[in-house]
Amino acid sequence: MYAPPGTRRPATAEAVAGVDAFVRDSLAIAGTELRKVSRDPTEVFTRSVQPVLWLLVFGEIFTRTRAIPTGELSYLAFMAPGVLAQSVLFTAIFYGIAVIWERDLGIVQKLLVSPAARGALVLGKAASAGVRALSQAVIVMALAFILGVPLRLGPASLAGLILAVIVGAALFSTFSLVVACVVKTRERFMGIGQLLTMPLFFASNAIYPLAMMPPWLRSIARINPLTYLVDALRALMVRGGVSTYGLLVDFAVLVATLVVLLIVASRLYPKIVI
């Protein structure tokens, strides 16, 4: 409806326009980030080396030893979702260093003076990290299929797996951005990033069941978001795999953690230039 000059638009129309601008800005940032990857496709292959080694070496050896009880699943089938979650974590957790590079190149300063909301800038970067992680999912799924892991390939399972990978990668990339905004230097970030990845990985159910952990480690695993990502992937990816907590709880924890991190990162992002 036409509004005469000088009249104020209804609050609903302003809210819709604000949401539309937020979404468009987020998609623009995500598209910019993804175009960087398209210019350097070797990144996809270099990041696939680690999960390939875990499945081919670690997985095959421990499947033969049968040292870890995994119920009706073979150890390789039990481990494959954990390797995918590990790949998502290791890819996303160092995402923050790119922000430090952008700060040093003056790109962050240009983004901050744009009319885009700070939350849109952060959400766009998180979304691009989620999409980038899908290449790791394809590689791990293909290798698991070749190694004989019984995979769920139904549309619902694949859609759930894609959603879990995107949310998980967005979560850990946003966490990485928060760390980058706090430490502000590449040297400190690399040290802290390496310090965080291994505890997150080993204090989860990625390569052994929660039941095998001592009580203190099991308590840590229950507040570790990677545990819920692995739990969801195990139910969605492998035939015979089940979710310990339930898919609804897994996704609720992942989404809630992501929202909290997005809010924190949105407040800290401008401070990275200070």
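Laid out as a table, the results:
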read-out: Residue that is nearest to Met212 (Cα to Cα) [pool: residues in segment 68-81 that are surrounded by fewer than 24 Cβ atoms within 10 Å (Cβ to Cβ) and at pLDDT 80 or above]; value: Tyr75
read-out: Any hit, segment 180-197, residues being within 21 Å of Val255 (Cα to Cα), over 11 Å from the mean Cα position of the chain (by Cα) and among the aromatic types (Phe, Trp, Tyr); value: no
read-out: Some residue of segment 175-186 being more than 21 Å from Tyr75 (Cα to Cα), surrounded by 24 or more Cβ atoms within 10 Å (Cβ to Cβ) and among the hydroxyl-bearing types (Ser, Thr, Tyr); value: yes
read-out: Of the criteria (1) farther than 24 Å from Asp104 by Cβ; (2) of a type outside the set (Phe, Trp, Tyr); (3) assigned to a helix (DSSP H, G or I); (4) touching a helix residue (DSSP H, G or I) at 6+ places or on another chain (Cβ under 9 Å), which one Gly241 fails; value: (3)
read-out: Tally, over segment 197-236, of residues that are farther than 27 Å from Ala144 by Cα and either in contact (Cβ under 8 Å) with a residue 24 or more places away in the chain or outside any helix (DSSP H, G or I) (or both); value: 2
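The values are calculated or read from the model by the stated rules, or taken from the named source; none is laboratory data. As the structure is a prediction and not an experimental result, all values here were calculated from the model. Don't worry about glycine lacking a Cβ; one is built from the backbone with ideal geometry, like all the others, and counts go over all protein chains shown.
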